[in-house]
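> Sharing a structure, written as structure tokens. Questions coming.
Readers should treat all values here as calculations from the given coordinates under stated rules, not as data from a laboratory. Just so we're clear, the structure is a prediction, and the values are computed from it rather than from any experiment. Backbone-built Cβ (ideal geometry, glycine too); neighbour counts: all protein chains shown.
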Amino acid sequence: MESIVSVKNLSRSFSSGGKSLKALDSVDLSIEKGEIFGLLGPNGAGKTTLISILCGFLIPDQGSAKIFGLDCRTDSKKIAKKMNLASGFSGISDFFSAEELLRFFCYLYGLDNIEARINNALKITGLTEHRKRRPADFSSGLGRRFLIAKAILNDPEVLLLDEPTVGLDVESAVSLRKHIKAMKKSGTTILLTTHNMPEAQLLCDRIALIKNGRIIACGTFDQLREQYFPHTVLHVRCKYPKKVQKVLSKTKSVVKIKSGNGSVKVYLDSEKDLDGVFKLVASSGAQISTIDLLEVELEELYSKIMD
Amino acid sequence: MFSRIKGIVYRNILWAFRSPFRLFDVIFWPFILFFMLTLFLSSVGGNEEFFGVIVLSVIAWRAIYFVSFETTAIFIEDHWDRSLPNMLVSPIRAHELAIGGAITGILKTIVVVFLVLAVGSIFYNVTLDDPLTFLIGVLFLSIVGFSVGLVHFGLACVFDKRNVFTLSFLVPELVGLVSGPYFNIEEMFPQPLVAFLNFFPTTHAFNLIKSIFGMAEANYQMLFITTFFWLAIALFLNRYMYDLGRKKGTLTKV
């Protein structure tokens with residue numbers, strides 16, 4: 001696969017209160033054409049610093065950031081023609097209607113067929129009926145959709161989405177995710193930062209976890225699960241959890257057992273011995289009501305890796 | 001490049017009609033300054049020629065202010081709206097943003113030229129006898145305004161934008177005032193200051209306008225040299241501070 005975004009040994013520090021803080025520390029990553037790449041991490045981890053460097057707003061202390069093979073430091077305006085940004089925290093100028101602002105951005109990108117592009121962007125984001133209204137008066141959901149409309153005006157090959165669904169109601173967030181998926185289908189490469197783990201799990205092909213300016217894990221969800229959470233987890237609801245614990249205490253494949261109020265979580269090192277474990281649990285006399293095979297969620301994985 | 005500059009002018013024109021503050025800047029404040037001076041002059045019995053100088057100097061003075069302010073304003077106001085990243089992530093370059101602002105300032109000046117001349121003609125029978133010389137003066141003052149705006153724009157990339165916004169009101173007025181818009185600096189200021197002010201293109205631009213009424217001598221050579229000398233410095237400072245802003249991380253925040 002072709003690498004569209006390539007970051008090598010990227011570092012950037014800021015001074016604060018007389019101290020130097022490393023916002024990015026030797027970051028390496030590459031994003032392939034047409035993938036949705038999730039960048040996850042706590043506040044202050046370095047996500048926004050990385051986006052600022054990719055946009056050309058900030059110059060790194062060392063290392064390189066390239067998009068389409070062009071250096072973000074020196075060629076940011078060439079890159080800009082084929083890239084766009086939608087930041088959930090960005091504001092919208094007052095005084096102008098949605099279509100006036102979109103026309104303004106079309107001029108900034110030097111685009112042709114301006115009216116058709118505006119109509120298309122408004123249609124895709126479901127804002128056609130709001131075109132004469134001022135985005136500054138929009139609800140937060142409509143406002144985010146407007147920023148997406150702005151971001152797709154130039155049919156970007158690379159789209160940076162910085163927490164695009166922050167503060168959105170469920171309906172708006174679902175609708176926005178649909179747009180994001182549709183953009184991926186049309187070949188757009190997307191870098192997504194979010195604190196919303198289910199969203200990242202749903203949308204992203206690959207995920208990088210960043211902490212204190214360093215990428216501490218990177219890969220597909222399955223790869224990360226394989227690497228950091230290799231257990232199969234069985235969740236048993238029953239009347240006598242201790243009986244389950246007792247029958248499984250000598251089973252080799254069982255790594256850990258956690259028992260709580262009316263339930264037991266059994267951690268297995270693989271799925272191979274699942275049948276045997278099922279049989280033992282069934283014969284334990286614990287009066288079982290349900291047995292589920294638990295899927296590890298990204299949120300759990302994230303917490304484990306971050307810890 | 002032209003499309004991007006057109007975008008800035010398009011938005012600024014819409015802005016001027018939507019925001020009372022911006023509209024008052026053109027239709028209200030120039031007349032406050034104008035009547036402040038002319039009413040005082042009437043009360044002390046000033047001659048007709050002097051009214052002409054005041055009318056033209058008010059217009060010319062506004063040219064510095066409008067062009068300088070508009071060159072800086074869009075950058076700072078977009079920062080306050082938190083929409084600056086949306087603009088800077090586009091292919092627009094800093095100098096295109098500044099040129100778009102400067103053109104808006106020139107358009108505002110043209111409106112003020114017509115309005116102030118009309119009012120001057122109605123109230124004080126002022127006529128524009130040498131429009132070409134006057135327009136050359138206004139053009140050079142606009143270039144000075146652009147230079148001042150470029151420096152403010154650069155400062156806003158690095159320093160607190162609120163303070164730079166205050167400067168963008170203050171500096172054009174100060175530069176206009178000390179350059180002798182309707183008086184001769186030789187008669188008002190001590191010689192060392194006069195020598196210093198002769199390095200200001202505004203001094204020579206106002207002299208050019210005053211020369212229409214025989215109040216000063218035009219020095220085209222100094223006007224040309226000082227204007228483009230300051231413009232070159234301003235372009236360099238703008239570029240340097242824009243890059244410094246990118247290095248320090250003060251340009252904008254996502």
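> Of all helices (runs of 4 or more DSSP H) completely enclosed by the range A:87-190, which ones contain at least 3 residues that are of a type in the set (Lys, Arg)?
Per the criteria, A:140-152, A:170-185.
> Then there's this: Please determine, by comparing only the residues of the range A:122-148 that are closer than 20 Å to A:Leu161 by Cα and of a type in the set (Lys, Arg), which one is farthest from the other protein chains (Cβ to nearest Cβ).
A:Lys123
> Still on this model: So which of B:Phe140, B:Phe189 is over 19 Å from the mean Cα position of the chain (by Cα) and farther than 27 Å from B:Thr252 by Cα?
Matching residue, one of B:Phe140, B:Phe189: B:Phe189.
> Would you confirm whether any residue within the range B:126-135 is crowded, with 24+ Cβ neighbours inside 10 Å and assigned to a helix (DSSP H, G or I)?
no
> Would you pick out the residues in the range B:181-223 that are touching a Ser or Thr at 6+ places or on another chain (Cβ under 8 Å), buried (at least 16 other Cβ atoms within 10 Å of the Cβ) and aromatic (Phe, Trp, Tyr)?
Passing the criteria: B:Tyr182, B:Phe200, B:Phe206.
> Can you pull out the helices (runs of 4 or more DSSP H) entirely within the range A:210-307 that have at least 1 residues that are of a type in the set (A, V, I, L, M) and either without any contact (Cβ under 8 Å) to a residue 24 or more places away in the chain or more than 30 Å from A:Ile53 (Cα to Cα) (or both)?
It comes to A:241-248, A:274-282.
> Could you tell me whether A:Lys47 is in contact (Cβ under 8 Å) with a residue 12 or more places away in the chain and either over 19 Å from A:Cys204 (Cα atoms) or crowded, with 16+ Cβ neighbours inside 10 Å (or both)?
Here the answer is yes, as A:Lys47 does meet what is asked.
> A:Ser26 - would you say it is away from chain B (no Cβ under 13 Å), of a type in the set (Ser, Thr, Tyr) and surrounded by 14 or more Cβ atoms within 10 Å (Cβ to Cβ)?
yes
> Starting from the range A:1-19, keep only residues that are surrounded by 15 or more Cβ atoms within 10 Å (Cβ to Cβ), then list their pairs with residues that are basic (Lys, Arg) whose Cβ atoms are within a distance under 6 Å, requiring at least 6 positions of separation or different chains.
The qualifying pairs are A:Ile4/A:Lys33; A:Ser6/A:Lys66; A:Ser13/A:Lys22.
> Would you list the helices (runs of 4 or more DSSP H) that sit entirely within the range B:171-230 and hold 2 or more residues that are over 20 Å from B:Ala63 (Cα atoms)?
The helices (runs of 4 or more DSSP H) meeting that bar are B:185-188, B:191-197.
> Say we look at the range A:16-49 and pick out the residues that are of a type in the set (A, V, I, L, M) and touching a helix residue (DSSP H, G or I) at 6+ places or on another chain (Cβ under 8 Å); which of these is farthest from A:Ile190 (Cα to Cα)?
A:Ala23
> What helices (runs of 4 or more DSSP H) completely inside the range B:1-100 contain at least 1 residues that are in contact with a strand residue (DSSP E or B) (Cβ under 8 Å, 6 or more places away or on another chain) and either farther than 21 Å from B:Gly137 by Cα or aromatic (Phe, Trp, Tyr) (or both)?
B:84-88
> Within the range B:8-28, which residues are facing another protein chain (nearest Cβ under 7 Å) and more than 18 Å from B:Ala102 (Cα to Cα)?
Listed by number, the residues that qualify are B:Arg18, B:Ser19.
> Checking B:Phe51 against (1) touching a Phe, Trp or Tyr at 6+ places or on another chain (Cβ under 7 Å); (2) of a type in the set (Phe, Trp, Tyr); (3) at the interface with chain A (Cβ under 10 Å from one of its Cβ atoms); (4) in contact (Cβ under 8 Å) with a residue 60 or more places away in the chain, which test does it fail?
It is condition (3) that B:Phe51 fails.
> Would you be able to tell me the number of residues in the range A:12-53 that are over 16 Å from the mean Cα position of the chain (by Cα), within 22 Å of A:Gly88 (Cα to Cα) and assigned to a strand (DSSP E or B)?
2
> Of everything in the range A:200-251, what is polar (S, T, N, Q) and surrounded by fewer than 19 Cβ atoms within 10 Å (Cβ to Cβ)? Give them in sequence order.
A:Gln201, A:Asn212, A:Thr220, A:Gln223, A:Gln227, A:Gln245, A:Ser249, A:Thr251
> Mind checking which residues of the range A:75-85 are facing chain B (nearest Cβ under 7 Å) and among the charged types (D, E, K, R)?
Matches in the range A:75-85: A:Lys77, A:Lys81.
> Report, ordered by the first and then the second residue, all pairs with beta carbons closer than 9 Å, sequence separation of six or more or different chains, a first member in the range B:148-164 that is on the phi < 0 side of the Ramachandran plot, and a second member that is buried (at least 24 other Cβ atoms within 10 Å of the Cβ) and charged (D, E, K, R).
Filtered contacts from the range B:148-164: B:Gly149/B:Glu70.
> Could you tell me which residue of the range A:54-68 is nearest to A:Glu32 (Cα to Cα), considering only residues that are touching a residue at least 60 places away in the same chain (Cβ under 8 Å) and either at the interface with chain B (Cβ under 7 Å from one of its Cβ atoms) or in a loop (DSSP other than H, G, I, E, B) (or both)?
Looking at the filtered set, the residue picked out is A:Phe68.
> For the range A:191-209, what are the residues that are of a type in the set (S, T, N, Q) and either assigned to a helix (DSSP H, G or I) or closer than 14 Å to A:Glu297 by Cβ (or both)?
A:Asn196, A:Gln201
> Is one or more of the residues making up the range A:150-173 within 11 Å of chain B (Cβ to nearest Cβ), in contact with a His (Cβ under 9 Å, 6 or more places away or on another chain) and farther than 19 Å from A:Thr48 by Cβ?
No, the range A:150-173 has no match at all.
> Examine the range B:29-47 for a residue that is more than 14 Å from chain A (Cβ to nearest Cβ) and more than 30 Å from B:Ala216 (Cα to Cα), and state whether such a residue exists.
No, that holds for no residue.
> Condition (residue is more than 14 Å from chain A (Cβ to nearest Cβ) and over 30 Å from A:Lys78 (Cβ atoms)) applied to the range B:71-85: is it met by at least one residue?
No, the range B:71-85 contains no residue that is more than 14 Å from chain A (Cβ to nearest Cβ) and over 30 Å from A:Lys78 (Cβ atoms).
> Among the residues of the range A:86-102, write down those that are more than 7 Å from chain B (Cβ to nearest Cβ) and under 15 Å from B:Ile8 (Cβ atoms).
A:Leu101
> Give me a count of the residues in the range A:103-121 that are under 28 Å from the mean Cα position of the chain (by Cα) and more than 8 Å from chain B (Cβ to nearest Cβ).
Number of matching residues: 4.
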